[in-house]
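Every read-out reported here was derived from the displayed coordinates using simple, explicitly stated rules and does not represent laboratory data. Just so it is clear, the model here is predicted, and its values are computed rather than measured. Cβ: placed from backbone, ideal geometry, glycine included. Neighbour counts: every protein chain shown.
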Amino acid sequence: MRRSRSLLTAMLFAGVLALSGCHGRAGLNAFEIPQEAALTGQYEITFWAKNDTNKTQTKIYEKAIADFEELYPNIKVNLRLYTDYGKIYNDVITNIATSTTPNVCITYPDHIATYLTGVNQVVPLEGLFADERYGLGGSEIKFDSPSVEEMIPQFLEECEFGGHYYALPYMRSTEACYINKTYVEKLGYALPDVLTWDFIWEVSEAAMEKDEEGNFLVNGQQVMIPFIYKSTDNMMIQMLKQKEAGYSTKEGEILLFNDETKALLQTIAEHAKNGAFSTFKISSYPANFLNAGQCIFAIDSTAGATWMGTNAPLCDISQDKIVKFETEVMPIPQFDTSNPQMISQGPSVCIFNKENPQEVLASWLFTQYLMTNEVQIAYAQTEGYVPVTNKAQETDEYQEYLSRSGEDNKQYYEVKIKATKLLLDNVDHTFVTPVFAGSASLRDAAGQLIENTVKSVRRGQDVGGGYMEKLYSDTVSLYRLDQIGGRGSQMSSEKADLGKLPVTSIILLVCLAGAWGLIALYVLFKVVKNKRNHP
Amino acid sequence: MKKITSLLLALALVFTCAGCGSKGGDTAGNGDADVKSEGVMTYEEYVAAPLESEVVIEAYVQAKQSWWENKATVYTQDKDGAYFVYNMTCSEEDYAKLTPGTKIKVTGFKTEWSGEVEIAEGATFEIEEGNYIAAAQDVTSLLGTDELIKHQNKFVSFKGMTVEAAGQDENGNDVAFLYSWDGSGQDGDDLYFNVSLDGNTYTFTVESYLCDNTTDVYAAVKALNIGDKIDMEGFLYWYEGVNPHITSVTAAK
C-alpha cells in the first residue's frame, strides 16, 4: 500500500489571511550577506523535504546530508520528511506564526507567495546567487556548485516573482499521458503523432461498449474507466492555456470563471456522465486502473512514471490483477497540435530567514549542495524527473542513463525514461501559472470545478441551467477568492503597506504635532524676548 | 458522592475505551439502538444502495480519524454493520462532540475509492440521542476469504497472528515494521507491518491520523519482533484489498 488520500487537500486562503494579519508586528530584519569571516561557529539547520513515498529518494536526501556534513562539519542538517506538499505548506504557515520555520524547505512557488505575506520570512536569493565567495559557483564553496549560467534558465525563471528569486528549482517534471496502446489498437484506433482531446474523448467513448452480461468489450471486465486524470487543477489550467483562455493575471486578477471554462466543464461532464472519465479524487490512482487493464489513458506526473505499466517497479495492486499491455508515454492532449502547451512543475527549494545571518548562509550552502551533480542525477533517476542544471544533464553519467532505457524494469525502466525524455524534449513548450498570494487557492479552485462537475453528473444531477453559475459562486466562496487582490496578494519581503491610519491615531498625531508646535513657538518667543532685552 | 464518582468513572470509560489501544465492548445504552428513524436506511438497505446514490444512515461513532478545515473523517457502526464517513462537513466545535459511542445521522452519497465503500466527502450530519460502542468482532478465520469484505469498516480483531519481516533496514537486516509502506518515512508516519496465519501473510497498518506516534499502539508496533505472536484490534479498512487500520496490539493470549 503506497499512498493514501491526502487529508490536507484544501489549501484555503485562510493561511494567507492569518499571515497578512501579522502585518503590524515586527518581523525579521531583511537578510544581508555577512561580510566578516563567515561560518566560524556551529550551526544546526532543519531541512523539510518532500519525497514521493519512495525509499530511494529518502536515501538520497540522507546521503546528501551526510556528504555535506563531511564537507562542513560545523553544520548539522536535520531532515524532516513529508510525502505531501499540502502538509508542508500547512506546517510552514503554522510555524511562521511561532517563528519556528525550517531553514531549508522543499516547496512550490505558489506556496512561497503565501509565506511572503509574513515580513522578511523568505530570503531573496539573487544577492546570494551573485556573491563571489559563497554564491553559485563561488570561490569559497567546498564542492562543485553550479554557476547561475549552468542552471536551466526556464526552470530558474519559475522561481522569480515579485521582483526577486525566492527559490531554486530542485527537480522538474511535467504531466504525461500513460496509454494502454494495446487497447487503443484493439478498439480500431492508431495513436496520432500528437495526442488531442478529441481523440481521447472519442476512444474513451468507444471503450464504454459492453456485452450482454455487462462486461466491457475491450477488457472483458466489469470495470473500465477509459480516461482518469490525477490532478484536475492541472487539467483545467492546461486546457485553458491551450485555449488561450483566462486563468489569472500576474497581478493576481482572477480570470478563471469565464465562458471557456464553462464550455470545458460541459464537455467533461458529457464524458463523465456515462463513466468514460473520472479523477483520482473520485476513483483512485490512475496507475491502479491502468495496470489492471481498467483504464486506457492515465494522466499523471512524469514523477509518477515508476507506477505505470505492466512491468512497473512500484505497484499497489496485487500481481494477479495486473494485465499485460504495451504502454505508450505521450505528452498530454492538445487543442492546437501545432502549439503544444504543458505545465512545468516539480519541487523547488526556499530558504527561511533567521535572526543569525550566518545560519542563513549555512542554509544557502546546503541548498546549493542539492544542486550538485551527485544529488541532481541520483534524484532525477528515481522518477521521471529532470535535473535542473545543464551541468548535470550534460554529464556522461546522465546521458548514459538515458541511453539505457528499457534495459531492466528498475533503474532503466522504459516508461520512466520515456517520461523523462518527454520533458527534456518539450522544455520550450512548458509554462507555469502566475504566482501571487492566493494563487495556491486559485489552483485548488480550478481543480474543484472539475471535481464537483464530475461528481454531480455521476450522481445524476443536471449540470445545465444555473448549475455553472452556482458552482462558480460556491467555489469563489469556498476558496475565498473574492479576497484575493487586496493586501493579501502583495508579494514582497518588505514590510506591507499598513493602510490608512485609524482616526484615533490621526488625532493623537495631530495633538503631538500641535504640542511640539506650541513648544517651538514658546522657545522662539523666549529667544526673541532675550534678544530684545540684551541688544 | 459514590454515585457521582461511579457515574464519572463510567463516563470516562465510555470516552476512552474506543479508538487507539481500546478494548471494544457493547455498551449500548438501550436495546433498540438500531431502530432507525423515519427516512433512515437500515444497514441492509445501505449495502443494497447503488454507488453514487444518496444515502441516509444512523450510526454510532467508533473512532475519529481526522479533522481539517471543517472536514471530519470517522468510523461509525451500528449493530448490523459499519460505515466509513470520509471528510463530512463538520465544525471543530462539533468534532469535539463526536466522542466514541455518539449517535449521528449522516446524509450523503455512497461511493467507492480503491475498494473502500464509504460515504463521500461533503456529507452532513446531526447528533442524535443514543450511545453504542461495538465489541471487536473476531474475523481471523475470514482472512483470505470473500466473506471478509462483508465486514468492511467494522471494529474487528485478529487473534494469534505471527509477525513477519516487513522489509530490510540499511544493513539488509529484516525488520518488523516500516515507516511508510516502503520504509521511506519517519517516526510519525504510518507504520506498516506484516502478520501471517496459516502460511498467508497480510499487511496491516497503523494509520497515523487515526493513531499517531503518541499512542500505545504506535509504540507497540515499534516494539514488535519478528516471530512475535500477537492479537490485534482495529478497523477493517480497504485499499486495493484488505488494509486494516490497527488500533491495538497485544501479546497473543
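Per-structure values
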item: Sorted by Cβ density within 10 Å, fewest first, the residues A:S403, A:S99, A:S338; result: A:S338, A:S403, A:S99
item: Chain A - mean residue ellipticity at 222 nm from DSSP helices (-39,500 (n - 2.57) per run, n ≥ 4, rounded to 500); result: -12000 deg cm²/dmol
item: Beta bridges by DSSP in chain A, antiparallel share as percent, to the nearest 5; result: 55 percent
item: Cα pair count fraction exceeding 12 Å, expressed as % - segment A:419-463; result: 72 percent
item: Directionally averaged shadow of segment A:207-253, computed from the convex hull of its alpha-carbon atoms, nm²; result: 4.8 nm²
item: Least to most buried among A:R80, A:R458 (fewest other Cβ within 10 Å first); result: A:R80, A:R458
item: Shielding by partners - mean other protein chain Cβ count within 10 Å, residues of B:182-191; result: 5
item: Relative intensity, log₁₀ I(q)/I(0), of segment A:47-154 from a Debye sum that treats every alpha carbon as a point, q = 0.11, 0.12 Å⁻¹; result: -0.43, -0.52
item: Listed residues A:Y165, A:N54, A:N215: farthest to the positive end of the dipole of the protein assembly as shown (Cβ charges); result: A:Y165
item: Which listed pairs, of A:K210/B:K64; A:K470/B:K105; A:K243/A:K273, have C-alpha distances above 31 Å, in listed order; result: A:K210/B:K64
item: Protection proxy ranking, peptides A:42-53, A:391-402, average beta carbon neighbours within 10 Å, highest first; result: A:42-53, A:391-402
item: Dipole-positive endmost among A:G246, A:S456, A:G517 within chain A (Cβ charges, Cα centre); result: A:G517
item: Charge dipole (debye, nearest 20) of chain A; +1 at Cβ of Lys and Arg, -1 at Cβ of Asp and Glu; result: 2440 debye
item: Residues A:V457, B:V61, sorted so that the one with the fewest Cβ neighbours within 10 Å comes first; result: A:V457, B:V61
item: Helix-only mean residue ellipticity at 222 nm for chain B, each DSSP H run of n ≥ 4 adding -39500 (n - 2.57), per residue, nearest 500; result: -3500 deg cm²/dmol
item: Karplus-derived HN-Hα couplings along segment A:429-440 (A = 6.51, B = -1.76, C = 1.60, θ = phi - 60°), whole Hz, x at Gly and Pro; result: 9, 8, 8, 10, 8, x, 9, 7, 4, x, 5, 5
item: For segment B:171-253, convex hull volume per residue from C-alpha positions, Å³; result: 109 Å³
item: Modelled FRET efficiency - R0 41 Å, B:K253 with A:K324, Cβ distances, 0.05 increments; result: 0.35
item: Global geometry of chain A, whether rounded, prolate or oblate, following the gyration tensor of its Cα atoms and the 1.5 cut on a/c; result: oblate
item: Chain lengthening between A:E260 and A:N274 when straightened (0.36 nm per residue, less Cα-Cα); result: 2.8 nm
item: Qualifying lysines (Cα of each under 25 Å from Cα of B:K229; at least 8 residues distant if same chain); result: B:K23, B:K154, B:K159, B:K253
item: Nearest-ten-degree value, helix A:414-426 long axis tilted from longest Cα axis of chain A; result: 50 degrees
item: Cα-based reach from B:K36 at 15 Å (exclusive), listing aspartates and glutamates while leaving out same-chain residues under 8 positions away; result: B:E44, B:E45, B:E58, B:D78, B:D80, B:E126, B:E128, B:E129
item: On Cα atoms only, tilt of B:2-16 relative to the major axis of chain B in degrees; result: 60 degrees
item: Between helix A:197-206 and chain A: long-axis angle, C-alpha atoms, 0 to 90°, nearest 10; result: 40 degrees
item: Segment B:167-205-segment A:315-365 distance, computed between alpha-carbon centres (Å); result: 27 Å
item: Most positive-pole-ward Cα, A:L256, B:F193, B:A176, against dipole of the protein assembly as shown from beta carbon charges; result: A:L256
item: Dipole moment magnitude, nearest 20 debye, segment B:50-155 about Cα centre, only Lys, Arg, Asp, Glu C-beta charged; result: 240 debye
item: Listed residue pairs exceeding 24 Å between alpha carbons, taken from A:K324/A:K418; A:K181/A:K262; A:K181/A:K230; A:K87/A:K250; A:K321/A:K410; A:K50/A:K354; result: A:K181/A:K262; A:K87/A:K250
